[in-house]
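Please treat every number below as a calculation from the coordinates, not as lab data. Here the structure is a predicted model, which means the values were calculated and not measured. In this analysis, Cβ positions are derived from the backbone assuming ideal geometry, glycine residues included, and neighbour counts consider all displayed protein chains.
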Amino acid sequence: MISKKMEAALNEQMGLEAYASFLYLAMAAWCDHQGLRGCTAFMRRQSDEEKDHMLRIVNYLSTVAGRAVIPAVSQPPQDYDSVRSMFEQVYAHEQKVTKSINHLVQLADEEKDYSAHHFLQWYVAEQREEEDLMRNILDRIRLIGDGSNSLYFIDKEVEAINQATAAGEGEEGVD
Ligand code: OFO
């Protein structure tokens, strides 16, 4: 049995995960329009992952006699000034999600909800990995430079990172 407070907070988190999925899908569409195939594939996969993060909460609420309230999602930005600025926005969004997950863990502790605390540990690890991944991409963009002549190389780097990450997740059996 879950408290109403914890249930409401998890439902709110679903909204953030759903928005992240739409945001990354909008970024994928923008990348596709720029001819950046590696970045498009990366953002599509990120979008799918965020949808999975939302579904994990739907499934969890079902197992603790809670009620999942599917959120409305606002329209994400459709245009980005540059690939670098797009990844900076991704990193900022991931930092925001990390803060929100930390608040949820804090609430679970206050409510003495050890089941929710345990459930949320997956998200704690996931956010650490995602922030690290985005920082890694931003570091590479800084090293390569983000002038128009660098776009091809940035796209290739992101493609390689995407393939390596997908392979790693396949091995761990995490979707
Ligand atoms: Fe949902 O993993 Fe980041 O945002």
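The lone criterion from (1) crowded, with 17+ Cβ neighbours inside 10 Å; (2) within 16 Å of the ligand (Cβ to nearest atom) left unmet by Ala125 is number (1).
Among the candidates Asn162, Asn136, the residue that is within 16 Å of the ligand (Cβ to nearest atom) and loosely packed, with under 14 Cβ neighbours inside 10 Å is uniquely Asn136. Return a yes/no flag: does region 90-113 have any residue that is surrounded by fewer than 18 Cβ atoms within 10 Å (Cβ to Cβ), outside any helix (DSSP H, G or I) and in contact with a Lys or Arg (Cβ under 8 Å, 6 or more places away or on another chain). Within region 90-113, one or more residues are surrounded by fewer than 18 Cβ atoms within 10 Å (Cβ to Cβ), outside any helix (DSSP H, G or I) and in contact with a Lys or Arg (Cβ under 8 Å, 6 or more places away or on another chain). Each residue in region 35-71 was checked for being without any contact (Cβ under 8 Å) to a residue 24 or more places away in the chain and not in a helix (DSSP H, G or I), and 1 pass.
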